[in-house]
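What follows draws every value from the coordinates through simple rules; no lab data is involved. Please read these numbers as outputs of a predicted model, since none were measured by experiment. When we count neighbours, we look across all protein chains shown, and the Cβ atoms used for this are built from the backbone with ideal geometry, even at glycine.
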């Protein structure tokens, strides 16, 4: 389980910060990140057989956040993956490469999501 421990050590701070922003609650962010990583621990062997174990962890995190978040959107941030890219890139200041890595996706996919998110934000103004 050493690989899982390394994964958790590397991802936990980012997961907590992301979830805290999405939930507008630091304690809730810590709880959501811990729950997602616990769930991933139970699935770790299966996650390692997936193309991107990081993407599995990200999906667990975002599902945990969604389960804890009130139904209304978080301020000006869209729901779903488009909102995730806004939080990672604009609110957390991650580069497209680092944000894509956090989500377990390719930079090209991140770029497509980012453009869609910006269009969504422009449509809300």
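Listing for the model above:
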item: Between helix 107-123 and the chain: long-axis angle, C-alpha atoms, 0 to 90°, nearest 10; result: 40 degrees
item: Principal-axis tilt of helix 2-23 within the chain, Cα atoms, nearest 10 degrees; result: 30 degrees
item: Extension gain (nm, one decimal) between residue 12 and residue 122, 0.36 nm per residue minus Cα-Cα; result: 36.4 nm
item: Folded to 0 to 90 degrees: helix 53-68 orientation relative to the chain principal axis, Cα; result: 60 degrees
item: Ordering of 82-90, 53-61, 3-11, 111-119 by packing [mean C-beta count within 10 Å, highest first]; result: 82-90, 53-61, 111-119, 3-11
item: Candidate values (1) 2, 10, 14, 19, 22, 15, 9, 5, 2, 1, 0; (2) 2, 11, 22, 24, 20, 13, 5, 2, 0, 0; (3) 2, 10, 18, 19, 18, 14, 12, 6, 1, 0, label of the one derived for P(r) over Cα pairs in 5 Å bins from 0, in percent; result: (2)
item: Calculated Rg and Dmax of the range 73-125 using C-alpha coordinates, Å; result: 10.2, 30
item: Where labels lie 7 Å past Cα in the beta-carbon direction, separation of residue 25 and residue 79 in nm; result: 1.8 nm
item: Residue-averaged 222 nm ellipticity for the chain, from DSSP H runs of 4+ at -39500 (n - 2.57), nearest 500; result: -24500 deg cm²/dmol
item: Per-residue Cβ neighbour rank within 10 angstrom, fewest leading, 120, 95; result: 95, 120
item: Shape metrics for the range 1-69, restricted to C-alpha atoms - Rg then Dmax, Å; result: 11.4, 34
